Amino acid sequence: MTGYANKSGKVLEATVVSLFTQHGFQELPFRIWSKSPQSYGNDILLRDVPYTSIYGHKGKTEFLAQSARLSLAVRIECKWQQSSGSVDEKFPYLYLNCIFAMPEDFIIIVLDGGGAKPLAVSWLKNSAQTRHLVPDDKPQKKILVFTLAEFIIWANRALR
């Protein structure tokens, strides 16, 4: 079942890549880009972007989209859960990493598949709209939680 879940998650990620590349973004791994960022264009979609988690461990996010033209810097987390499982049990950890560990002020969580517990999804969406956990010395973060269809609509509007 894990292999199936991984394949389904890869389909979600491939959709994100397709959306950005169709809007003129260049897609490449962060580890390649970070060696010489000046060698690449201004509209870039980076894969496997590192950060240090709230536990102090190395973490990676699926994507970071940057565009000088659009004044955009958004970290994108992709979560696919097609059947009951443990992805939704990790939502609090994901949320806290968004608030306290990820350096960007704008984060999108693309969550789909229909298998997450509805109350867990509601909790994540409500938490993302709550700003009270952000430390006073940090800027307010914008965290959006989208289904894949909602993300496609956002991307088609935001990336023109």
> In segment 106-160, what residues are touching a helix residue (DSSP H, G or I) at 6+ places or on another chain (Cβ under 8 Å), part of a loop (DSSP other than H, G, I, E, B) and at pLDDT 95 or above?
Replying inline: 159
>> Exactly one of these conditions fails for residue 24: (1) within 28 Å of residue 120 (Cβ to Cβ); (2) over 16 Å from the mean Cα position of the chain (by Cα); (3) not aliphatic (A, V, I, L, M). Give me its number.
In response: (1)
> Within segment 60-91, which residues are in contact (Cβ under 8 Å) with a residue 12 or more places away in the chain, of a type outside the set (S, T, N, Q), over 21 Å from residue 46 (Cβ atoms) and surrounded by fewer than 19 Cβ atoms within 10 Å (Cβ to Cβ)?
Replying inline: 85, 89
>> With the requirement that a residue be within 27 Å of residue 93 (Cα to Cα) and basic (Lys, Arg), what does segment 22-69 give you?
In response: 31, 47, 58, 60
> When you scan segment 71-105, how many residues do you find that are within 15 Å of residue 142 (Cβ to Cβ), of a type outside the set (Gly, Ala, Ser) and either part of a loop (DSSP other than H, G, I, E, B) or touching a His at 6+ places or on another chain (Cβ under 7 Å) (or both)?
Replying inline: 4
> Are any residues in segment 66-100 out of contact with any Pro (no Cβ under 9 Å at 6 or more places or on another chain) and farther than 26 Å from residue 115 by Cβ, and if so, which ones?
Replying inline: 66, 67, 68, 69, 70, 71, 72, 73
>> So, in segment 34-70, exactly how many residues are of a type outside the set (D, E, K, R), closer than 17 Å to residue 105 by Cα and in a strand (DSSP E or B)?
In response: 12
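Yes or no, residue by residue, for (1) under 20 Å from residue 12 (Cβ atoms); (2) modelled with pLDDT under 95; (3) in contact with a helix residue (DSSP H, G or I) (Cβ under 8 Å, 6 or more places away or on another chain):
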{"position": "27", "(1), (2), (3)": "yes, no, yes"}
{"position": "35", "(1), (2), (3)": "no, no, no"}
{"position": "47", "(1), (2), (3)": "yes, no, yes"}
{"position": "53", "(1), (2), (3)": "no, no, yes"}
{"position": "61", "(1), (2), (3)": "yes, no, no"}
{"position": "66", "(1), (2), (3)": "no, no, no"}
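The values are calculated or read from the model by the stated rules, or taken from the named source; none is laboratory data. From a predicted model like this one, the values you see are computed outputs, not experimental measurements. Here the Cβ is made from the backbone with ideal geometry for all residues, glycine too, and neighbour counts use every protein chain on show.
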